[in-house]
Structure formats: C-alpha cells, structure tokens
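Asks: Below is a structure I'd like to ask you about.
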Amino acid sequence: MEFLCSACGACCRAAGKMDGAKYGLPIKEDGSCANLIGNFCSIYNERPSICRVEEMNHRRESQSRKDYYIDVTEACHILIDAEGLDSSYKIDIKKYN
C-alpha cells in the first residue's frame, strides 16, 4: 500500500504557515515553498524528509499504515480547503480499502 497524492501542491503552498523554514524549506513572501512551480515540486526527487509522507511517519504503535494514510489524507483535505483549491484534488478515502 502506498500514500495516494493528487499533486495539488496544498502542502507546499502552506509550507510557511506550517513553519517549513524551521525544516530548511525556502519560503517565498506568499508563504509557499520556493521549490513549488505550478503544482509541482522542482526538487521532488531530492526533496527533504519533511516533504516525504513515509519518512515523516507519525503512526502510533497500534495504528496501521492504512489508517495513517487515511489520517494524512484527511489532513490534505483540510489543506486543500484552506488553500482554496478545487475539491477534485481530494483523494477519496475509500481508495485505501
């Protein structure tokens, strides 16, 4: 099972609001990560750990990978709404079943 990402860029747009500079992300005046170009990360293959769902795994010992991905996806939905992006970027949670 892998994390399903719609490549909406909401997390990158909100990087400054989420204290991304503390993790070494270059933040533009609008609060987005300077590596975001359009909806895509210009350093995707070399992106830091903070930008990798697998490496930032905050699962509780009793939480399954599936449940962790669902939690992260729900957080993505909140970011998509907060950044005013189209709801079509929201991954259907049922796809993890």
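Asks: With a probe of 1.4 Å, find how much accessible area the stretch 33-97 has per residue, and write the answer as a whole number in Å².
Replies: Per residue, the stretch 33-97 has 68 Å² of solvent-accessible surface.
Asks: OK, next. When you have a sec, figure out the Kirkwood radius of the chain from all distinct Cα pair distances and drop it here in Å to one decimal?
Replies: 14.0
Asks: In addition: Which listed residue (LEU36, ASN97, GLY84) has the Cα farthest towards the positive end of the charge dipole for the stretch 23-97, taking +1 on Lys and Arg C-beta and -1 on Asp and Glu C-beta about the Cα centre?
Replies: Positive-end residue among those listed: ASN97.
Asks: Restrict the search to the stretch 1-47; then list the GluC sites (Glu not before Pro) that DSSP places in a loop and that have at most 10 other Cβ atoms within 10 Å of their Cβ.
Replies: GLU2, GLU29
Asks: With all protein chains present, how much of the accessible area of the chain (probe radius 1.4 Å) comes from carbon and sulfur, to the nearest whole percent?
Replies: 51
Asks: Placing +1 at every Lys and Arg Cβ and -1 at every Asp and Glu Cβ, with all other atoms neutral, what dipole size does the stretch 1-57 have around its Cα centre, in debye to the nearest 20?
Replies: In total the dipole reaches around 140 debye.
Asks: Same structure again: What are the ³J(HN,Hα) values, in whole Hz, obtained from phi via the Karplus relation 6.51 cos²θ - 1.76 cosθ + 1.60 with θ = phi - 60°, for each residue of the stretch 39-55 in sequence order, with x given for Gly and Pro?
Replies: 10, 10, 7, 6, 10, 3, 5, 10, 4, x, 4, 4, 9, 10, 4, 5, 6
The values are calculated or read from the model by the stated rules, or taken from the named source; none is laboratory data. All values derive from a computational prediction rather than experimental measurement. Cβ atoms come from the backbone with ideal geometry, glycine included; neighbour counts cover every protein chain shown. The area values use the complete protein model at the heavy-atom level, side chains included, leaving out ligands, DNA and RNA. Shrake-Rupley method; radii C 1.70, N 1.55, O 1.52, S 1.80 Å.
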